[in-house]
Amino acid sequence: MPGSLSPALFQQAVLAWYDDYGRKNLPWQQNLTAYRVWVSEIMLQQTQVTTVIPYFENFILVFPTVEALALAESDEVMHLWTGLGYYSRARNLHKAAKMIVSQFGSQLPDSTELLMTLPGIGRSTAGAIVSTAFNQRATILDGNVKRVLSRYAGISDWTGSKKAETQLWELAEFYTPAVNCRPYTQVMMDLGATICTRTKPRCEACPLQVSCAAFASGNPLNFPGKKPKKTIPVRKGHLLLLQLATGAIFLEKRPPVGIWGGLWSLPAYEGNLENLTAECQHRYGLVIEKMCFLDSLRHTFSHFHYDITPIHATVVHSEQAIYESSEHIWYDLESPPRVGLPRPVKTLLMGIN
DNA sequence: AAGCCGTGGGT
DNA sequence: TACCCAAGGCT
């Protein structure tokens, strides 16, 4: 019967494949430490390997140890996360580093239970750290494993549904070996990433082909089921590039939670453009001398589109101007401060001459 | 328990 | 273009 191998045979099949074809040269697989594994796992949440690699290299160079991260400035951490998205991951990573130093003697815990007490580490990430960093038995269930197991067992529900999640966790636990935990975890992700891909699975090269329910069905793309789609709304607004004669541009700190939390952003202006001059004067103590509209752009978040019309304005300080505070900085394009910037803000700043 | 949270790759 | 969705977690 498809989808019903014994754990021993299942493990044997995928581990043999791993020896020949598994990934062994990823940056976080070199100089393997629990800290490096942890950082990589956080960066890899909802993010593709090719995107993560340069961020990982950079981050580890600046913060080679958990102690270094714990002692870091928040702005520096966010700076190294600029463009990677899901910035709560960076805030939680920093917070967790401080907890690891203060509560765990600077050593990452080797149990899923303790790891899950740290912010940003859920069930799957905890399993990945325990199995990969410590080579101890623990189960992961990320997007790759969900897809592999859904096809193998012929589960046609969307993997995000509670029913499918429960079933998939059970299957994942069932097939997790007591030994060879590190290569087993890696191969399950490798299969999902390189063989059992979303749109073009290479079933002819899959070690599970002969016992795969989706392959037996004739159309593996029917598994897993699709996520129920919903159209995301469009929001419109302006981002203000307020520039002094010195070239410096005004940035304000985003609230600690929510979109772009903890990053430095261009002021957003949603109001009536006729009031723009007065608002700039009132909010920031800045007098607009001349202004122009820049080309509009669409930035898409996970749950809405943001149609941005940037406005560039040359400004001078008025009497009650804000020069510098914990909430505002002047961004010097010549010697840019190391702070976290949202992607479109960074793009706009780079485009100013 | 759905909605919130980014950005980029692939098609 | 527009759409799907990535090595998910938190509330």
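Odds and ends about this structure:
- Chymotrypsin sites (Phe, Trp or Tyr not before Pro) within the stretch A:239-315: DSSP coil, no more than 14 neighbouring Cβ in 10 Å: A:Phe301, A:Phe304
- Checking every one of the GluC sites (Glu not before Pro) in the stretch A:213-276 against DSSP loop status and a limit of 12 other Cβ atoms within 10 Å picks out A:Glu270.
- Chain lengthening between A:Asn180 and A:Thr197 when straightened (0.36 nm per residue, less Cα-Cα): 3.7 nm
- Column: log10 I(q)/I(0), Debye, Cα scatterers of the stretch A:88-205, q = 0.14, 0.16, 0.23 Å⁻¹: -0.65, -0.81, -1.26
- Contour excess over end-to-end distance, with Cα ends at A:Ser302 and A:Arg343 and 0.36 nm allotted per residue: 13.4 nm
- Compactness of chain A was expressed as the Cα radius of gyration divided by 2.2 N^0.38 Å, which yields 1.19.
- Segment A:Lys236-A:Leu26, length gained on full extension (0.36 nm per residue, minus Cα span): 71.6 nm
- With the charge dipole of the stretch A:156-267 set up from +1 on Lys and Arg Cβ and -1 on Asp and Glu Cβ about the Cα centre, the Cα lying farthest toward the positive end among the listed residues A:Ala172, A:Gln209, A:Val257 is that of A:Val257.
- Projected area, mean over directions - the stretch A:219-316, Cα convex hull, nm²: 9.3 nm²
- Taking the fewest neighbouring Cβ atoms within 10 Å as the starting point, the ordered list for A:Met1, A:Met116 is A:Met1, A:Met116.
- Rg then Dmax, both in Å and based on the Cα atoms of the stretch A:148-267: 22.8, 70.
- The protection proxy used here, the mean number of other Cβ atoms lying within 10 Å of each residue, ranks peptides A:119-131, A:61-73 as follows, highest first: A:119-131, A:61-73.
- Projected label points at A:Gln48 and A:Gln12, each 7 Å from Cα along the beta carbon direction, are separated by 3.7 nanometres.
- The calculated 222 nm mean residue ellipticity attributable to helices in chain A amounts to -12000 deg cm²/dmol, summing -39500 (n - 2.57) over DSSP H runs of n ≥ 4 and dividing by all residues.
- Average projection area in nm² (convex hull over Cα atoms of the stretch A:227-268, one quarter of hull surface): 4.5 nm²
- Separation of alpha-carbon centers, the stretch A:233-250 and the stretch A:51-98, rounded to whole Å: 26 Å
- A viscosity of 0.890 mPa s and a temperature of 25 °C, combined with the Kirkwood radius over C-alpha pairs in the Stokes-Einstein formula, give the stretch A:76-117 a diffusion coefficient of 218 µm²/s.
- Diffusion coefficient of the stretch A:1-94 by Stokes-Einstein, Kirkwood radius over Cα pairs, 10 °C, 1.306 mPa s: 104 µm²/s.
- Here r is the Cβ-Cβ distance between A:His317 and A:Ser88 and R0 is 45 Å; the resulting FRET efficiency, rounded to 0.05, is 0.80.
- Cross-link partners for A:Lys346 among the lysines, with Cα-Cα distance under 30 Å and sequence neighbours closer than 8 places in the same chain left out: A:Lys95, A:Lys98, A:Lys230, A:Lys236, A:Lys253, A:Lys290.
- Compactness of the stretch A:41-101 as Cα Rg over 2.2 N^0.38 Å, two decimals: 1.03
Every number here is computed from the coordinates shown, using simple stated rules; none is lab data. This one's a predicted model, so the numbers in the text were calculated from it and none came from an experiment. Note that each Cβ is placed from the backbone with ideal geometry, even for glycine, and that neighbours are counted across all protein chains shown.
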